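Colleague: Below are the structure tokens for one structure; questions will follow.
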Amino acid sequence: MTKILTIETTCDETAAAVMNDQLDVLGSVVASQDKIHQKFGGVVPEIASRAHVENIVPVIDETLRRANITLNELDAIAVANTPGLAGSLLVGLSAAKALCVALQKPLLAVNHLQAHIYACKVAFAQSNVFPCIGLIVSGGHSSLYRCASPLDFTFLGGTMDDAAGEAFDKVAAMLALPYPGGPSIQKAAQNGNPKAYRLPRSLLDEERLAFSFSGLKTAVLYLARGRAGRKGPLLLDAAQVRDVAASFQLAVVHALVSRTLDAAARHGVRWIAAGGGVAANGCFRKTLAEAAAERGIGVAIPPMRLCTDNAVMVAARAHRLFAAGVRDELTLEAAAR
Ligand code: KG4
Ligand code: ZN
């Protein structure tokens, strides 16, 4: 049975996994840097790469220990080499290359975004979700793809400004809620009224499969800090913060769900696969599932731990590539974009 070790360091999680070709997870570790970046209100690239350097070897060791496997028993090493933060990507890529050279094993490059979509393959192994519309909503991306087959993804459209996760993170900072913003806004929104504030939905015309969150973000900034902007004091009390959080969350979810359903209708597909950190959002999951069900469309969203960055999703994608005969050279480069 083929066993692949995968490494994921594209942003601020240091992760490794070992998976076999039946897509069984033999071992998986995610070392989150959330606490380190929290005091800065967002990911600081330089600090992220340093933390990856410190974490990478212990994370790989612990993954192998959990998988009860030695390096020699592996068939290949795979790494997410694009897109992401340049310094972060380099740490994972260097580790993967070093292992390949030392062990004389093949190297495989995996696209992080495609891996996010592929996470649903682990969770929905029995269903054939292809062809589907893939939606990736993370800290760096809000993109729609038409996925004809597991190896054939066509980009349909994305964000004109902020990514959905980025908007969550920035709006959380405006509301003085902790980083990462997605989970804190979701928590605050639980006890808020999503109809309390009328926030702009999207200024984009209906024809385009694209997203824009900057107008929404600015509307929240004025509500939260008035004309003083980001540096001004918070003008809302705790109950108002909960209401703004709920109204903001609903506006983002509405934009994501309506555009994804538009894409499915236009391309005549019966499945939607969503991934990325924002796909862990409870309101998004519920709204998409209900709206898709009304139209007879199936939804594949991986469990929460496979939505945020992890190496299991990279492994699932790597096995598909390995089986298709794909191998990469040791001259492989990291591509931030
Ligand atoms: O996919 P991911 O872990 O990393 C990137 O590839 O960017 O996504 C991280 C993003 C962050 O912006 C975070 O605020 C957001 O996903 N996020 C959420 C939730 N959990 C994480 N956004 C909304 N609701 C959540 N529950
Ligand atoms: Zn990601």
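Colleague: Could you please report the charge total around PHE130, scoring K, R as +1 and D, E as -1 over all other residues with beta-carbon less than 14 angstrom from its beta-carbon? Kindly include the intermediate steps, with their values, before the conclusion.
Modeller: Numbers: positive: LYS121, ARG146, ARG270, ARG317, ARG320; negative: ASP152.
Residues close to PHE130 contribute a combined charge of +4.
Colleague: Starting from the eigenvalues of the Cα gyration tensor, five times each then square-rooted, give me the equivalent ellipsoid semi-axes of the range 128-304, largest first, whole Å.
Modeller: Numbers: eigenvalues 178, 48, 37 Å².
That gives 30, 15, 14 Å for the three semi-axes.
Colleague: Here is a follow-up. Write down, largest first, the equivalent ellipsoid semi-axes of the chain in whole Å, where each equals the square root of 5 times an eigenvalue of the alpha-carbon gyration tensor. Each step should come with its number before you reach the end.
Modeller: Values: eigenvalues 241, 114, 50 Å².
Semi-axis lengths for the chain are 35, 24, 16 Å.
Colleague: Still on this structure, please answer the following. Just the number, please: carbon plus sulfur as a percent of the accessible area of the chain, 1.4 Å probe, no ligands or DNA/RNA counted.
Modeller: Numbers: 7640 of 14590 Å².
The value for the chain is 52 percent carbon and sulfur by accessible area.
Colleague: Okay, next question. With charges only on Cβ, +1 for K and R and -1 for D and E, what is the dipole size of the chain about its Cα centre, in debye, rounded to 20? Intermediate results must be reported in sequence, preceding the final value.
Modeller: Numbers: 33 positive and 29 negative charges, 170 e Å.
With only Lys, Arg, Asp and Glu charged at Cβ, the dipole is about 820 debye.
Colleague: Could I have the simple spin-label model distance between GLN190 and LEU151, label points 7 Å from Cα toward Cβ, reported in nm to one decimal?
Modeller: 4.4
Colleague: With charges set only on the Cβ (+1 for Lys and Arg, -1 for Asp and Glu), what does the dipole of the range 118-203 come to about its Cα centre, in debye to the nearest 20? Walk me through the intermediate numbers first.
Modeller: Numbers: 7 positive and 5 negative charges, 68 e Å.
Using only the charged Cβ atoms, the result is roughly 320 debye.
Colleague: Now a separate question. Output wanted: per-residue J couplings in Hz (rounded whole) for the range 67-80, from phi through Karplus 6.51 cos²θ - 1.76 cosθ + 1.60, θ = phi - 60°, x for Gly and Pro.
Modeller: Each residue of the range 67-80 in turn: 7, 6, 9, 9, 4, 5, 7, 7, 9, 6, 10, 10, 9, 7 Hz.
Colleague: Here's something else I'd like to know. Explain nothing, just compute: Karplus ³J(HN,Hα) = 6.51 cos²θ - 1.76 cosθ + 1.60, θ = phi - 60°, for every residue of the range 276-282 in order, whole Hz, x for Gly and Pro.
Modeller: Result, rounded to whole Hz: x, x, 5, 5, 7, 5, x.
Colleague: Along the range 22-39, what does the Karplus equation 6.51 cos²θ - 1.76 cosθ + 1.60 (θ = phi - 60°) give for ³J(HN,Hα), rounded to whole Hz, x for Gly and Pro?
Modeller: 8, 6, 7, 7, 8, x, 8, 9, 10, 9, 7, 9, 3, 5, 5, 8, 3, 5
Colleague: May I pose another question? Looking at the calculated P(r) for the range 51-149, what percent of the C-alpha pair distances fall above 16 Å?
Modeller: Working: 3212 of 4851 pairs.
Every Cα pair in the range 51-149 considered, those over 16 Å come to 66 percent.
Colleague: So with the 1.4 Å probe, I'd like the accessible area per residue for the range 84-206, rounded to whole Å². List each step's numbers first, then the result.
Modeller: Working: 5120 Å² over 123 residues.
Value returned for the range 84-206: 42 Å² of accessible area per residue.
Colleague: Still on this structure: Taking a cut-off of 14 Å, what percent of all Cα-Cα pairs in the range 148-214 are separated by more than that? Walk me through the intermediate numbers first.
Modeller: Details: 1527 of 2211 pairs.
So the pairs more than 14 Å apart make up 69 percent of the total in the range 148-214.
The values are calculated or read from the model by the stated rules, or taken from the named source; none is laboratory data. Note that the coordinates shown come from a computational prediction; the quantities given were computed from them, not determined experimentally. Glycine gets a Cβ as well: all are built from the backbone with ideal geometry, and neighbour counts include every protein chain shown. The protein model used for the area step is the full one, side chains on, heavy atoms only, and it has no ligands, DNA or RNA in it. Shrake-Rupley method; radii C 1.70, N 1.55, O 1.52, S 1.80 Å.
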